[in-house]
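Working notes for the structure below.
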Amino acid sequence: METPPPPYLDPNHLNPFSQASSRLPEDTVFYSIYPDNSLSQDSLQSLHLQILNSISPFTSSYVWQHEPFTLTISFHPFPHLHGHVRYGDNLNDEWFTVFLLFQISLSFPSLSIHVHDSDGEFLLIESAFHLPRWLNPENSQNRAFIRRGKFHIIPKRSLPNPTLTESLNFLIENEQLARAPDSVQSVIRNCIEDYPEKAKLNSHTVRVRVPVSVAHVLRHAPSLISVAVEGFYDRDIDSMKHAAKMERFLKGGKEVEMVTVAVEMSRAMYAQLMQQNFHAPKCYPMPNKGDVEAELGMKIACGFEMMYEEKRKEGEEGKGSGWKKYKESLEKSGYFKGLIPGSTEYKRLMENAEEYYRNSSLFSKTSEMLNAPVRQIDEILSLTYSADDFKNHDIPPSDDDSWLYSGEDELNSVLQDRQKEMELYEVNRKKKKKSKEHQDTGPSSSSKAEGFDLSDIVKTMQGFIHKMSSYEGAEVPEDRDPKEVELDVERFIKDMESVIKNQGGEDVASDVDDDEGSSDMDFDESEDGSDLSDHNADGEDSFMHSYSDAMNYELKNSTLKKSFIHANEQSSLKNEGTSNATEDMDEEFTPVDVDVNLVKNLLDSFSCQQGLPGPTSNLLGLMGVQLPKDDSKGE
């Protein structure tokens, strides 16, 4: 025999329902029950029995879709109980499980219970419109628990990234702080408040005509109807070969006796049987077409046959979910060395892995689990029975199945409830947003506007220009990330200087030409440019005065002056002009009030934004100025 697979791939350490699995079984709800104190194995077994006894009044007559509510003892990472229920197409099984967990938490106050399914924290998903805004799927791990009949959420403020141990300890010491809001409690309570009465309404009793062997099994183990319906509903080509022979439940062929019995199942099971067409095998004694009782009985009998043979085969091979998980681990580890499936070397490695798996404890556990219904059926059929056992009995009529064709009303009702919940959420969200805006703008926008000093804008703008700007541009705060402009500043200044000096004469131009090739120019010695040659000052002033006079003359007869606000006092500003032409100008062309125009243009631009982001609000925000909201135009 070859060397077995690596030890870390030991199938004894694999759990097909482990939460660490990359893919959880679909349509399955998982739950874990954690005692406040660490318990010994005997104490944990005692708790196990006490819990099952406490919920037995609710589960004794309940028909589960696939498997019943069970608990298993575990000591990893610490002593606790856990289990899972595959609900399949019957969502009632999941909510009934949640109901049972809440009942357990009421009966045993010193327990903390966590429940989730293949979609995640479904209780949080169900109450999504009422959860705190900080809670999301990324930070919800180890936060949601059931305790003392209430739903709890570990607050982020107390535990930013809680481990399971930290969350459980926090629940014990600060239970009230972790209690979820009343709106969340109400949503979850509405989902389970109709149980256990709703569990009874979920059942459906129907009269069927089946072979006496099937009736005998259902009399002693009525819960096996779930595996029979599952065998029928999930059939494939291989399993249908067993139904074609009916070797276990129809040994007498068409001569076997048929009896009528009442079978209780869930509504989901009844729908699965009714909604699928299936032709009876040739060996099956089928009466005239149109006999609903006989047709349902035929589907149940074929389901039993297919389930029995498939479970027996899987039990002998032990290749259930445990084998699939083990095989996946071998493939991921490179055990098959990239060989083509079906090749000689691949088959040899596969045989080696199968032999190693059959010698593991997981194989025996899987075989025992798969063989359980098979052994139960064999034990029942080993008892003496006959068709006379089912005669002269009052068989109740089938339940009304109008619900099967009137589900649209129920669906619309659920959708309407969801729609109302969404609308209420939007209303509350808008109220909170409006309240926040009200707080941000102060108790009264008008009072804030009255107390706002417009001169602050002028002072801030002047400070921004003089203190935060230079020839290189405006300097913004370091926490911002503006796109830099690629500009050779020194070269640009040289070019500007060259233009100005050219206005002073050819003799100055020659000096500029001599300096063009210099790379030692340094403007850091004087910020106002006073380090420039004195002999150039007169030429520069002459150019600027001429330029100013010409511009003022052009503006005199234009309409541009009407777009500016002018100073009220002309005499105080008259002597401040820089040219003789200013004194000869028309008195109506008074100097422009720069500060007033600045404020007016900023306010006009801000008003045009209509409360939306824009250049004015961005610029003022950069300088730390926040203008009050203009409510005069209405909303």
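The values are calculated or read from the model by the stated rules, or taken from the named source; none is laboratory data. Predicted, not measured: the structure shown is a model, and the values here were computed from it. As a convention, Cβ positions derive from the backbone with ideal geometry for all residues, glycine included, and neighbour counts pool all protein chains shown. Remember, those area values only see protein heavy atoms, side chains included, never the ligands or the DNA or RNA. Shrake-Rupley method; radii C 1.70, N 1.55, O 1.52, S 1.80 Å.
Structural descriptor for the stretch 186-299: relative contact order 42 percent, calculated from alpha carbon pairs under 8 angstrom and at least 6 residues apart. What accessible area, in Å² to the nearest ten, does a 1.4 Å probe give for K434? Solvent-accessible area, nearest 10 Å²: 130 Å². Counting only protein heavy atoms and using a 1.4 Å probe, the accessible area of D236 comes to about 80 Å². Backbone amide hydrogens, once placed in the peptide plane, bring D117 within less than 5 Å of F30, F122, excluding anything fewer than 5 places away on its chain. Among 165-175, 273-283, the peptide with the highest mean count of other Cβ atoms within 10 Å heads the list, and the full ranking is 165-175, 273-283. Evaluating 6.51 cos²θ - 1.76 cosθ + 1.60 at θ = phi - 60° for every residue in the stretch 139-151, the Karplus couplings come out as 10, 8, 5, 6, 10, 9, 9, 9, 7, 6, x, 10, 8 Hz, glycine and proline recorded as x.
Largest accessible area first, the listed residues K245, K289, K299 line up as K289, K245, K299 when surface is computed with a 1.4 Å probe on the assembled protein chains. Summarising the amide proton neighbourhood of D89: residues at separation of 5 or more, or on other chains, whose placed amide H is nearer than 5 Å comprise an empty set.
Our summary gives the stretch 50-109 a relative contact order of 32 percent, counting only alpha carbon pairs under 8 angstrom and 6 or more residues apart. Coupling constants for the stretch 56-73 follow from the phi torsions by the Karplus curve (6.51 cos²θ - 1.76 cosθ + 1.60, θ = phi - 60°), and in residue order they are 4, x, 8, 9, 4, 10, 7, 9, 7, 5, 10, 8, x, 5, 9, 10, 10, 7 Hz; glycine and proline get x. In the context of the full protein assembly, R86 retains an accessible surface of approximately 80 Å², using a probe radius of 1.4 Å and ignoring ligands and nucleic acids. Whole-Hz Karplus values for the stretch 302-309 come out as 5, x, 4, 4, 5, 5, 4, 5 Hz, taken residue by residue from phi with 6.51 cos²θ - 1.76 cosθ + 1.60 and θ = phi - 60°; glycine and proline positions read x.
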